[in-house]
Amino acid sequence: MTSTITAATMTVTLTESISLSGVDQGATNTLSIGSIAEVNKRILTVPTSEVEVIAFGTAVSSGTFVESTAMYIRFTNLDDTNHIVLIFKDEANAEFAVKLDKGQSFIYNGDLSGGVVDTMDALNGPVTPTLADLVNVTAKADTASCDLEVFVAST
């Protein structure tokens, strides 16, 4: 079966809008990512215990994306009260965590030529980066379960 999907360029636009003392201090930045042929968007409920929300590997499977083609990943906390902690793990089992407060988004950009391969490092103490592949992202809600939107764009 031949696919009828035609790859396209995805445009990501970030806009901050603020005026301080009548002076515009906002900014708009745009990134175009070519050859996007696959998009996955879902909303899931994150409990107060740690759960895997996304994984990466060399082949597609349930909840797993091809590490070399995942170019853009966005997490948005849809809760209006509680925060979520996102935990990113690399192939050496090094982890870093990010607090995602109510209503906030976190973007993890893949390398435009290699996806999430060799894109993270986490160490105790000073980091002399030895970048490794992102393996998975887990999440844990703070006080009560929260809805999390996950968006992944791949080539």
#### Entry: Segment VAL23-GLU91, extension gain: residue separation times 0.36 nm, minus the distance between their alpha carbons
19.8 nm
### Query
Which value, in Å to one decimal place, does the Kirkwood hydrodynamic radius take for the stretch 37-154 when every pair of different Cα atoms is included?
14.4
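Dipole magnitude of the chain about its Cα centre, charges +1 at Lys/Arg Cβ and -1 at Asp/Glu Cβ only, in debye to the nearest 20?
260
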### Task
Determine the principal axes of the Cα atoms in the stretch 1-99, then give the extent along each, sorted from largest to smallest and rounded to whole angstroms.
57, 39, 27
### Task
Run down the aspartates and glutamates and flag those whose C-alpha is under 12 Å from the C-alpha of LYS41, throwing out any fewer than 8 positions away in its chain.
GLU149
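Evaluate Rg over Rh across the stretch 22-61, taking Cα atoms for both radii and Kirkwood's formula for Rh. Working shown, then result.
Values: Rg = 17.9 Å, Rh = 15.4 Å.
With Rg and the Kirkwood Rh in hand, the quotient comes to 1.16.
Each value in this text was obtained by applying a stated rule to the coordinates, not by laboratory testing. Just so it is clear, the model here is predicted, and its values are computed rather than measured. Glycine gets a Cβ as well: all are built from the backbone with ideal geometry, and neighbour counts include every protein chain shown.
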